[in-house]
């Protein structure tokens, strides 16, 4: 299931956002109830089975969730092994695996990271030819989360780069940054003060996030950004180094005492511990002696951008102070102290000074693929398609998608979503074994890139193997491996009139206790199809404490429970295929909300995470939403909201927070290569 980590630091620069949160800003609703988010049960699911199909599924889950497959991250060798395995099993089940250009693989590429390009240069140029050159790795570094480009523009110091109406503080008040290079300090004012309006609930304010600062500067038209460390953090780094040295000395004393007491049999081990402790003291003292606590962000810190951002670099405090001194301005430390004292911005333009340079950041493109198997129908409705899907990717070695901060262990994803993938294969085996072909075509798709934002399913609905208008239903399975107390959640029961009765009646034979959710949008691949006005059903057994952690392993899977779910979905698929009438699509006007969307007004766009090019791409608008009423359509890319430039979803989220419910805002979109201006009346948070 696609829910990204809520705290990506240090590996990512989006702090406080997760995929559900992003869907929340777009849909202004949540799809998982508090009960679903809790433990599935105190009862532990057992991977016990007595049937041939159960043993087959257990073996398959063991393989797909093995360390060999590296957590099936989209940039790993393991995900390709998984794709090959699924293709082989589809073929063995009797599906046609030659439907995509004589292959089972629908291939495309996505951005999976950044690397440093060949040219990264920066200098500060003042009046009368005065130049302050900056040496790479010593005085500045390019930031992996920025873009590439040349710049030669005037400089503006923008304090902490914060524009916060809620605390009545703006570093942008009184300065014009359009087409300028902005210098921005990291973190927030009044650090260490728990009573400060910038003190976050966990000590970290959302205004400290690098992504927030980048989006704000970009939205105001900045040409490039030069980050610089705040003095408070460098002092904290120094304090931490001193404490580490003190700890190392204590460990050395202990190791020396143990060495003196060690007898002959343990002397070798004591020698090793003593040498280790001595080395630790030497290293910590070396750091203190060198005294460089103004650490530049390493390339790769905070992840990669989307290839559309402005150039971003991190410069040293020393070079920034040299610039300010020559320009007749106070030092950064003094400016920081002044802001902390009265919480008033100290921003200013440097009209006689320019930043001139070039930042080169190359996006790493990786080929990924959906795996598709086809079971043709026979009869008058043979050209109509039912898609049955499950995503097979997971979060690899952790990082941005992990809920185990800092973990680099393999996140095997047995439940998420080896369970759905294996269920998909077993269902294909059952339906292909029928002696009489079904009246409609069944297309089985193992989607890739779901964990990064429904990318595989979004790609498919844009590039369908069969006419999307003749796709009559989509049945999805995501995390179906932890059936507990017979409870199964089914989303989408309101997307076709027949679903509710069919689902309830079918469940009786399998003793399933249903939790029915009418909405068609949610954090899995069925959303991409509902956005194309296709009725959907999505099966889900609930999340748990192992979710998006290395502990989501095969031994906790309930195989007998999966067999019941597969039988349940098999009957629904057959009933849908055999009914002379296709399911009737229902537009759900205002889906139920179970989680507040914070201080954002309701907009109602549906993100398209596979969109290419500038702007926030959408795959549609939630029916009856402000976006829908204003005329936003699938394929639109929002490039401006009010006066704020929009480069991506994060910029859109930030811009949306600047407005109030009921307010009318001009929204500019790119549609079929042309700019279209629409007026959206924002709704109340849901």
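The values are calculated or read from the model by the stated rules, or taken from the named source; none is laboratory data. Values in this document were obtained by computation on a predicted structure and should not be read as measured data. Every residue, glycine as well, gets a Cβ built from its backbone with ideal geometry; the counts of neighbours run over all protein chains shown.
A few remarks follow.
- Residues that are in contact with a helix residue (DSSP H, G or I) (Cβ under 9 Å, 6 or more places away or on another chain) and not in a loop (DSSP other than H, G, I, E, B) within segment 291-314 comprise just one, 312.
- Condition met for residue 474 (touching a residue at least 40 places away in the same chain (Cβ under 8 Å), touching a helix residue (DSSP H, G or I) at 6+ places or on another chain (Cβ under 8 Å), crowded, with 24+ Cβ neighbours inside 10 Å and in a loop (DSSP other than H, G, I, E, B)): no
- Number of positions in segment 526-560 that are closer than 16 Å to residue 394 by Cβ, in contact with a helix residue (DSSP H, G or I) (Cβ under 9 Å, 6 or more places away or on another chain) and part of a loop (DSSP other than H, G, I, E, B): 9
- In the condition set (1) out of contact with any helix residue (DSSP H, G or I) (no Cβ under 8 Å at 6 or more places or on another chain); (2) modelled with pLDDT of 95 or more; (3) crowded, with 23+ Cβ neighbours inside 10 Å, residue 519 is compliant with all but (2).
- At least 1 residues being surrounded by 16 or more Cβ atoms within 10 Å (Cβ to Cβ), at positive phi and in contact with a strand residue (DSSP E or B) (Cβ under 6 Å, 6 or more places away or on another chain) is the threshold, and among the strands (runs of 3 or more DSSP E) wholly inside segment 606-686 those reaching it are 616-621.
- Condition check for residue 221: modelled with pLDDT of 90 or more and on the phi > 0 side of the Ramachandran plot: yes
- Options 413, 398; residue that is modelled with pLDDT under 95, touching a helix residue (DSSP H, G or I) at 6+ places or on another chain (Cβ under 9 Å), crowded, with 23+ Cβ neighbours inside 10 Å and assigned by TED's automatic domain parsing to the domain that holds residue 62: 398
- Taken over segment 238-269, the residue count meeting the criterion of being more than 30 Å from residue 295 (Cα to Cα) and either in contact with a strand residue (DSSP E or B) (Cβ under 8 Å, 6 or more places away or on another chain) or without any contact (Cβ under 8 Å) to a residue 12 or more places away in the chain (or both) is 12.
- Qualifying residue in segment 295-313 (condition: surrounded by 14 or more Cβ atoms within 10 Å (Cβ to Cβ), touching a strand residue (DSSP E or B) at 6+ places or on another chain (Cβ under 9 Å) and more than 21 Å from residue 140 (Cα to Cα)): yes
The rows are residues; the columns are (1) assigned to a loop (DSSP other than H, G, I, E, B); (2) modelled with pLDDT of 95 or more; (3) surrounded by fewer than 22 Cβ atoms within 10 Å (Cβ to Cβ).
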{"residue": "481", "(1), (2), (3)": "yes, yes, no"}
{"residue": "488", "(1), (2), (3)": "no, yes, no"}
{"residue": "511", "(1), (2), (3)": "yes, yes, yes"}
{"residue": "524", "(1), (2), (3)": "yes, no, no"}
{"residue": "562", "(1), (2), (3)": "no, yes, no"}
{"residue": "570", "(1), (2), (3)": "no, yes, yes"}
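- Scope segment 439-450; condition buried (at least 24 other Cβ atoms within 10 Å of the Cβ) and either without any contact (Cβ under 8 Å) to a residue 24 or more places away in the chain or more than 34 Å from the chain's Cα centre (by Cα) (or both); matching residues: 440
- Matching option when the condition is touching a residue at least 40 places away in the same chain (Cβ under 8 Å), within 30 Å of residue 560 (Cα to Cα) and assigned by TED's automatic domain parsing to the domain that holds residue 94, among 420, 453: 420
- Within the option set 254, 195, being at negative phi and not in a loop (DSSP other than H, G, I, E, B) holds for one residue only, 254.
- Residue in segment 430-438 that is in contact (Cβ under 8 Å) with a residue 12 or more places away in the chain, at negative phi, assigned by TED's automatic domain parsing to the domain that holds residue 499 and surrounded by 24 or more Cβ atoms within 10 Å (Cβ to Cβ) present: no
- When 216, 234 are checked against the criterion of being out of contact with any strand residue (DSSP E or B) (no Cβ under 7 Å at 6 or more places or on another chain), in contact (Cβ under 8 Å) with a residue 24 or more places away in the chain and either part of a helix (DSSP H, G or I) or closer than 30 Å to residue 285 by Cβ (or both), 234 stands alone in meeting it.
- Any hit, segment 490-502, residues being within 30 Å of residue 63 (Cα to Cα), touching a residue at least 60 places away in the same chain (Cβ under 8 Å) and either under 30 Å from the mean Cα position of the chain (by Cα) or part of a helix (DSSP H, G or I) (or both): yes
- Test: residue 438 is in a helix (DSSP H, G or I), at pLDDT 95 or above, under 22 Å from residue 570 (Cβ atoms) and touching a helix residue (DSSP H, G or I) at 6+ places or on another chain (Cβ under 7 Å): no
- Test result for residue 272, part of a helix (DSSP H, G or I) and either in the same structural domain as residue 617 (by TED's automatic domain parsing) or touching a residue at least 24 places away in the same chain (Cβ under 8 Å) (or both): no
- Exclusive hit being over 27 Å from residue 618 (Cα atoms), within 19 Å of the chain's Cα centre (by Cα) and either touching a residue at least 12 places away in the same chain (Cβ under 8 Å) or not assigned by TED's automatic domain parsing to the domain that holds residue 508 (or both), set 564, 549: 549
- Checking each residue in segment 407-435 for being assigned to a loop (DSSP other than H, G, I, E, B) and more than 19 Å from residue 55 (Cβ to Cβ) picks out 407, 408, 409, 410, 411, 412, 413, 434, 435.
- In segment 593-614, the residue that is modelled with the lowest pLDDT out of those that are in contact with a helix residue (DSSP H, G or I) (Cβ under 9 Å, 6 or more places away or on another chain) and closer than 14 Å to residue 634 by Cα is 610.
- The lone criterion from (1) crowded, with 16+ Cβ neighbours inside 10 Å; (2) touching a helix residue (DSSP H, G or I) at 6+ places or on another chain (Cβ under 6 Å) left unmet by residue 288 is number (1).
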